[in-house]
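First the structure, in the form of structure tokens, and then the observations on it.
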Amino acid sequence: MSNIHIGLFGFGVVGQGVFEVIRKSKNAHAEIARICVRDPKKPRKIAVDPALFTDRAEEILDNPHIDLVVEVINDAEEAYRIVRQALLKGIPVVSGNKAMLAKHLPELIEIQKKNRVALLYDASSCGSIPVIRNLEEYYDNDLLLEVKGILNGSSNYILSRVFDHRESYADALRQAQELGFAESDPSFDIEGYDSLFKLVIITVHALGAYVAPERIFTYGIASIHESDIRYAREKRVKIKLVAQVVKVSDEHFTMFVMPEFVEPSRYIYSVDDEYNGVVIRGECYDRQFMFGKGAGSLPTASSILSDVMARLHDYRYEYKKREYLQKPTYTTDLSLKIYVRYSQTNILHVLHFEEILEQYISTESNYVIGMVRLSELLAKRDSLRARDLFIANIPIFFLDRDN
């Protein structure tokens, strides 16, 4: 079997991981032929032949000996230009860029189809957990009801330190940054956008439907307060940042990213530190659970290696669910049960509650629990970013199935 010659874009933490796992793998039948970076002369942590480096993308994209492009750069728009150009040239691509894929996937799917070329991206969602390929191959039917889980390792590490080790949120965030689980600007993770982009990609393979990120309600953990943590402990639950897509009827599905009160009986309750956990629920097979490291150099690189080896067998996503005649459509016209903690903001003037189930007022902080339309949360999302507010979902879907 002849080797695949790879043109690698990006040589940061993940790019170096890709280089390492391909070099170590005896059965990869792949070699890095060229590496495109911004600064070829920059000192590297691992020893690499300097002749492999270039700062000119065309040295890879116009090279007839390159069989596969692997893209692992941080800049989403630059990644889009590279991936699009490679596909148009008929070069298959492996990518881990969730932000780029979430914004441009419909166009890239059409380019793949028209040019009969493959784009694989298992590494874009949950690192080492093979969520996408499982949804694409094993769950390739209309019996799937829900995909729900912890999709971001950084926020999960922070919340694990808070609930399992009783550290303050600020200390947990600082430790996550020191260990490299969170960036110096952690907003992408703690505001929920990383989970959002992964959820968009997952939904394409779960239900065959694409929903643009801006149409999805997304709320993170940046404003969590000690009073929220205390409330969760009193109720003997944990707060986790959870992303979910739910088929609410044969005709409709919904999706959102929010902190959630998670009970000990739930699979994701015990998903701690930088790990991810995904629950897949079906009409006939109840719930199935996947668990593993969701980020980091080697876990992500191992997923990319899996895609590289899949190309040895000409594997590509078929997007069978996108061809279904009765695909469900996206809706926000449904009610959620939510907890809202507030102080200065008069939340009852901001949000319209269909029903208030519980309310607490004190000198330190207040909270209200009630039913709110998801469309209302989406419409008021800018107002809900006030620093004195925190929102958490209280699960209501499929409770009758879990008794």
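Annotations
- Annotation for the stretch 325-335: at least one member residue is among the charged types (D, E, K, R) and within 30 Å of Tyr139 (Cβ to Cβ).
- Whichever residue in the stretch 124-156 is among the hydroxyl-bearing types (Ser, Thr, Tyr) and over 20 Å from Lys98 (Cα atoms) and, among such residues, is surrounded by the most Cβ atoms within 10 Å (Cβ to Cβ): Tyr139
- Complete set of residues in the stretch 368-384 that are of a type outside the set (Gly, Ala, Ser) and either in contact (Cβ under 8 Å) with a residue 12 or more places away in the chain or crowded, with 17+ Cβ neighbours inside 10 Å (or both): Val368, Ile369, Met371, Val372, Arg373, Leu374, Glu376, Leu377, Leu378, Lys380, Arg381, Leu384
- So Ile239, is it in contact (Cβ under 8 Å) with a residue 40 or more places away in the chain, closer than 17 Å to Ile190 by Cβ and assigned to a strand (DSSP E or B): yes
- Counted as qualifying within the stretch 270-382 are the helices (runs of 4 or more DSSP H) with 2 or more residues that are within 21 Å of the chain's Cα centre (by Cα), namely 297-312, 374-379.
- Residue check for Glu358: out of contact with any Pro (no Cβ under 6 Å at 6 or more places or on another chain), touching a residue at least 24 places away in the same chain (Cβ under 8 Å) and either exposed (fewer than 12 other Cβ atoms within 10 Å of the Cβ) or assigned by TED's automatic domain parsing to the domain that holds Lys235 (or both): no
- Summed over the stretch 336-355, the residues that are touching a Leu at 6+ places or on another chain (Cβ under 8 Å) and touching a residue at least 40 places away in the same chain (Cβ under 8 Å) give a count of 8.
- Test: residue in the stretch 319-340 that is surrounded by fewer than 14 Cβ atoms within 10 Å (Cβ to Cβ), modelled with pLDDT of 90 or more and not acidic (Asp, Glu): yes
- Criterion (of a type in the set (Asp, Glu), in contact with a strand residue (DSSP E or B) (Cβ under 7 Å, 6 or more places away or on another chain), surrounded by fewer than 20 Cβ atoms within 10 Å (Cβ to Cβ) and free of Cβ contacts under 8 Å to residues at least 60 places away in the same chain) met by exactly one of Glu78, Glu59: Glu59
- Only one of the numbered conditions (1) within 30 Å of Pro264 (Cβ to Cβ); (2) surrounded by fewer than 17 Cβ atoms within 10 Å (Cβ to Cβ); (3) of a type in the set (A, V, I, L, M, F, W, C) is not met by Leu348, and that is (1).
The values are calculated or read from the model by the stated rules, or taken from the named source; none is laboratory data. Owing to the predicted nature of the structure, the values given are computational and were not obtained by experimental measurement. Counting neighbours? That spans all protein chains shown, and the Cβs are built from the backbone with ideal geometry, glycine included.
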